[in-house]
Amino acid sequence: MEAYNFCAGPAMIDPRALARVQADLANQPHLGASLLEISHRTPAYAEIHARVLKNLHTLFNVGDDTTLFLLQGGASGQFAMLPYNFLREGDTANYLVRGYWGEKAAQQASRIARIHMIEDPEEADPSARYLHITTNETIAGTRLPESLPLPDLPLCADMSSDILAVPRNYNRFDCFYAGAQKNLGTAGLAVVAFKKEFLSQARRNLPGAFCYLEHNKANGLYHTPNLFAILLLRHVTDLLLEDGLNTLYTRNARKAETLYKELDRTPFWRALAPIGERSLTNVTWRLPTVALEEEFLEKAEAAGLHALRGHRSAGGIRASLYNALPEAAVDALVAFMRDFERTRG
Ligand code: PMP
């Protein structure tokens, strides 16, 4: 029986990338040491770091006006670093809150500075340093519509759950970041991008590990990076380039469409996201009763469909359909759902 992992993160990793990283570790080209056991100041590591950055630049389709960092501390680290680096005495920032993670980002920032929390971009304070958005709410299963008009302010985005999973103009953002453990590999690493012009306005002389300009001065190698996550990211991004983003985006759209079609087929399922805001990467729904949800989850596990339980704060069911999840997983899930609904509906 095939088993599929619908976990929201840490999430499924492309098995080809896992095989490649395994081969990396078995290989000890450096006087008996693997790539995990050598200094991050060696040419061998520098080559990998540079390659990952080049791959990401190509995948985001951003130019020389953009600087990318591979930082420790996940997306939560960025919840703190962004306001710490950009908000000076008396400054404020707008935080658009449409769900748990947007609220979390705002709460964290409010420990550092005065934050303007808003539900609608029209309420934005035009004198603020930036507007922070969350492109995809992982728990609710909603995405911020790209067509939503936003005020003319520096735009910063948490893209943790849909980075490089949906088509997007990355040039539109002054800063974007994502934890790697959903679409880009494994945890403990944040991919962080800045327009150079915006970055140049950050605060100086903060403690180094938390200072973007210090990272910049050290060419992104201020201190020891998360070698393993970056090694894996090298293979994940190589494969994204080999497969082609358009092919991937089409496949991701098809996966979501297949699942939403089943959710819309019968009122037995109740899709949670409003139609215009349905996430392509996290699909959430409820069944008529909690008891049925428990039975659904138990039988799904037995059928090899793993980690479908909704977030502990939300309940219900959640299927995460990130890049590495094959279409066959969604087909198997939908077949299981049809069967379940036929006997329990
Ligand atoms: N933002 C979003 C949208 C997320 O989904 C998550 C993790 N689920 C985070 C931030 C926090 O990420 P990390 O655990 O890497 O700090």
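The values are calculated or read from the model by the stated rules, or taken from the named source; none is laboratory data. The structure presented is a predicted model; accordingly, all values stated were derived computationally and were not measured. Every residue, glycine among them, receives a Cβ derived from its backbone with ideal geometry; neighbour counts consider all protein chains shown. Ligands, DNA and RNA are excluded from the accessible area calculation, which covers all protein heavy atoms including side chains. Shrake-Rupley method; radii C 1.70, N 1.55, O 1.52, S 1.80 Å.
Just a few scattered comments:
- Approximate shape of the stretch 140-297 as ellipsoid semi-axes (Cα gyration tensor, √5λ), whole Å, largest first: 35, 19, 16
- Taking amide hydrogens as placed 1.01 Å from N in the peptide plane, the amide H of Ala314 sits under 5 Å from that of no residue at least 5 positions away in sequence or on another chain.
- Whole-number Å³ per residue for the convex hull built on Cα positions in the stretch 129-194: 94
- Three principal axis extents describe the C-alpha atoms of the stretch 251-296; from largest down they are 32, 19, 18 Å.
- Net +/- balance of residues flanking Gly316 in space, Cβ distance below 9 Å, scoring K and R +1, D and E -1: +3
- Using every pair of distinct Cα positions in the chain, the Kirkwood expression returns a hydrodynamic radius of 21.2 angstrom.
- For the stretch 69-79, 3J(HN,Hα) computed residue by residue from phi via the Karplus equation (6.51, -1.76, 1.60; θ = phi - 60°) reads 10, 10, 10, 6, x, x, 5, 4, x, 6, 4 Hz, glycine and proline entered as x.
- Radius, Kirkwood style, for the stretch 207-282 when every pair of distinct Cα atoms is counted (Å): 16.4
- Measuring spread by the Cα atoms of the stretch 270-315 yields a radius of gyration and Dmax of 11.4, 33 Å.
- For the stretch 70-194, the Cα-based Rg and Dmax, in that order, read 13.3, 38 Å.
- Computed across the stretch 1-100, the Kirkwood hydrodynamic radius from all distinct Cα-Cα pairs reaches 17.9 Å.
- Sequence ranges 135-147, 203-215, ranked by mean other-Cβ count within 10 angstrom, highest first: 135-147, 203-215
- Heavy-atom surface of the chain, accessible at 1.4 Å and reported per residue (Å²): 44
- Note, ³J(HN,Hα) from phi for the stretch 27-40, Karplus 6.51, -1.76, 1.60, rounded to Hz, x at Gly and Pro: 7, 10, x, 9, 6, x, 10, 7, 5, 7, 10, 10, 5, 6
- Across the cross-link table entries Lys54/Lys196; Lys54/Lys195; Lys104/Lys299; Lys195/Lys255; Lys54/Lys255, which are compared at the Cα atoms, the separations over 25 Å belong to Lys104/Lys299; Lys195/Lys255; Lys54/Lys255.
- The stretch 154-262 - share of DSSP beta bridges that are antiparallel (%, nearest 5): 60
- Taking amide H positions as modeled 1.01 Å from N, with prolines and chain starts lacking one, the residues under 5 Å from Met117 and 5 or more places away or on another chain are Tyr95.
- Cα-only Debye scattering, the stretch 273-345: base-10 log of I(q)/I(0) at q = 0.12, 0.17, 0.18, 0.21 Å⁻¹: -0.32, -0.65, -0.74, -1.01
- Distances between placed amide hydrogens fall under 5 Å for Leu305 paired with Tyr4, all partners being 5 or more residues away or on another chain.
- For the chain, calculated [θ]222 nm from helices alone, where every DSSP H run of n ≥ 4 adds -39500 (n - 2.57): -12500 deg cm²/dmol
- Accessible area of the chain belonging to carbon and sulfur atoms, whole % at 1.4 Å probe: 51
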